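A short reminder: the numbers here are calculations on the coordinates, not readings from a lab. For clarity, every value in this text was computed on a predicted model and none was experimentally measured. When we count neighbours, we look across all protein chains shown, and the Cβ atoms used for this are built from the backbone with ideal geometry, even at glycine.
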């Protein structure tokens, strides 16, 4: 569904991503792994159009995604949950969710009920301001906001970072449900190995801006974990 070929990216004179190839199959959960600062979030920024490519291409189905302006990528069916959540703290939960509605291809202007089924706490707190929610609730809100557009591909950047264990478990269950029951394709950046093994089908590991390993999650070896993932 999503293919990255020969992607290079620079910050000024610093070469941050080197000839990245990535394949995210339709209906699967793919995890992008690596220590902090190796280029994972930068790669997502390139996919979403927030950062320019120096060279390479990004295909989304038959679409040349790298040629689309940033605002068109959500309308193409890509939901994005950024690192740090980036909700609007002064808006209510309901208003945060409504922000995604204009990107829906069917023109619907009401929040889908299944968002509240996935995250009942959002229904309970829909009149409260986003900034009044706990970190875990804000993360659920950020995921719900991405799902409002009815995406075919959901991209999540470290959704378990700084989240209490019970909410981590709930988020893992939501990802599995979206992936296995609905058939939504998922690209996940994550460092918690136990979480990855529960939700993902395949992995890619980045190190210093390069892809250094990939495979099925059940093939993720102790040597790879020790070399590239252990802090």
Please label the shape of region 93-134 as rounded, prolate or oblate, based on the square roots a ≥ b ≥ c of the eigenvalues of the alpha-carbon gyration tensor (a/c under 1.5 means rounded; beyond that, a/b larger than b/c means prolate, else oblate).
-> oblate
Gyration tensor (alpha-carbon) shape descriptor, region 1-126, a/c threshold 1.5 = prolate
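To two decimal places, what compactness ratio does region 58-183 give when its Cα radius of gyration is scaled by 2.2 N^0.38 Å?
Working: Rg = 14.3 Å, N = 126, 2.2 N^0.38 = 13.8 Å.
This ratio for region 58-183 stands at 1.03.
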Nearest 10, in degrees from 0 to 90: the angle of helix 165-176 to the longest Cα principal axis of the chain is 80
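So how do 42, 230 line up by other beta-carbon neighbours within 10 Å, fewest first?
Ordered from fewest to most neighbouring Cβ atoms within 10 Å, 42, 230 come out as 230, 42.
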Show me 73-81, 166-174, 211-219 ranked by packing, highest mean number of other Cβ atoms within 10 Å first.
-> 73-81, 166-174, 211-219
For 204, 228, ascending order of other Cβ atoms within 10 Å (fewest first) is 228, 204
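Would you list 51, 43, 153 from fewest to most Cβ contacts within 10 Å?
Working: 51 18, 43 28, 153 21.
So the residues, fewest neighbours to most, are 51, 153, 43.
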P(r) over all Cα-Cα pairs of the chain, 5 Å bins from 0 to the longest distance, whole percent per bin, short to long, reads 1, 7, 15, 18, 20, 17, 12, 7, 3, 0
DSSP beta bridges in the chain, what fraction antiparallel, as a percent rounded to 5?
-> 55
